[in-house]
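The values are calculated or read from the model by the stated rules, or taken from the named source; none is laboratory data. Given the structure is predicted, the values throughout are model-derived calculations rather than measurements. In this analysis, Cβ positions are derived from the backbone assuming ideal geometry, glycine residues included, and neighbour counts consider all displayed protein chains.
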Amino acid sequence: MNIYTVDLYERYGIPRNGANGGYLTSYIRVESAEIKKRVRPSVLIIPGGGYQILSDREAEPIAIKFLNSGFCAFVLSYSLQAKYPAPLKEAMLAMRFIIDNAEKYSADKDKVCVVGFSAGGHLAGLLATLTQEESVIFGKEVKSVRPDAVLLAYPVVTMNKFTHCGSRDTITGGEGALLNKLSVDMRVDKNTPPTFIWHTVKDSCVPVENSLMLATALRQNSVPFALHIFEEGEHGLSTADEETCDFSVGQENVKTAAKWFDLAIDWLGTKGFKVKVLK
């Protein structure tokens with residue numbers, strides 16, 4: 001496995017202007033001469049943390065699981081304590097980098113799934129529902145950077161009732177005019193990519209209503225989606241296994257939620273996210 005980190009601002013010649021994020025770490029398989037060359041789907045992983053921190057538990061452990069399932073994996077470190085649109089622009093740059101370097105990494109540029117957790121799920125949702133207004137990045141027109149599929153884990157969706165207040169206050173900067181604009185469920189249209197969502201009923205940090213509202217919006221716009229609601233488990237389960245959870249504090253029942261990963265891999269397979277062996 002090769003691990004690389006690139007400064008997206010530096011790569012695309014864009015001034016930082018105080019941004020503290022915009023770094024993309026790539027997890028790429030070392031291909032063996034003994035094995036036929038393969039073209040792999042990719043995931044852009046966006047960890048959560050209320051737009052205040054980046055959860056390590058939702059970064060590399062997720063990348064490794066996808067890598068072991070045949071994907072090229074990329075983890076975005078986006079700017080923290082930053083108001084919209086700064087984090088979104090960095091996510092757009094990350095998508096652009098993955099597409100631009102697909103051949104180098106033996107990746108399929110038409111099979112990129114964005115994977116977001118909690119506040120990172122909100123950012124992934126914004127990326128998946130880009131508007132025409134947002135199609136200009138740092139004053140430069142870019143090709144389409146909408147992902148080909150979306151995978152959201154206990155995501156922040158709405159900026160209104162049922163929101164996570166810390167995420168809302170940071171990304172909006174307290175600007176009321178942004179509440180509807182940045183509510184992912186209100187941005188969904190027929191062009192939104194197929195979406196996989198999972199959440200837990202007992203999430204007391206980001207209420208399950210967020211995922212239910214998004215599923216309703218997807219349904220109303222005839223967007224293919226899968227929704228999995230698990231009964232047990234608090235917020236921030238990540239892989240929901242021993243790798244990222246402390247089962248010594250009465251969370252034994254959350255192991256049921258660990259099924260989300262295999263469910264997601266199977267679902268992505270139905271959307272064409274499969275390793276292709278070249279002749």
Residues of the stretch 236-250 that turn out to be closer than 20 Å to residue 115 by Cβ and without any contact (Cβ under 8 Å) to a residue 24 or more places away in the chain, as a count: 3
Can you find a residue that is assigned to a loop (DSSP other than H, G, I, E, B), in contact (Cβ under 8 Å) with a residue 40 or more places away in the chain and in contact with a strand residue (DSSP E or B) (Cβ under 7 Å, 6 or more places away or on another chain) anywhere in the stretch 158-172? no
Only one of these conditions is not met by residue 180: (1) modelled with pLDDT of 95 or more; (2) crowded, with 23+ Cβ neighbours inside 10 Å. Which number is it? (2)
Filtering the stretch 177-235 for residues that are within 20 Å of residue 272 (Cα to Cα), free of Cβ contacts under 8 Å to residues at least 40 places away in the same chain and among the small types (Gly, Ala, Ser) leaves a count of 1
Please work out which one of (1) closer than 20 Å to residue 261 by Cβ; (2) surrounded by fewer than 24 Cβ atoms within 10 Å (Cβ to Cβ); (3) polar (S, T, N, Q) is the condition residue 77 fails and give its number. (1)
Residue pairs within 7 Å by beta carbon, gap of at least six or interchain, first lying in the stretch 30-43 and closer than 18 Å to residue 99 by Cβ, second modelled with pLDDT of 85 or more and among the hydroxyl-bearing types (Ser, Thr, Tyr), listed first then second, are 39/106; 40/106
Among (1) in contact with a Leu (Cβ under 7 Å, 6 or more places away or on another chain); (2) surrounded by fewer than 19 Cβ atoms within 10 Å (Cβ to Cβ), where does residue 115 come up short? (2)
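Quick check on this structure: which one of 69, 26 is touching a strand residue (DSSP E or B) at 6+ places or on another chain (Cβ under 8 Å), among the small types (Gly, Ala, Ser) and modelled with pLDDT of 95 or more?
The match here is 26.
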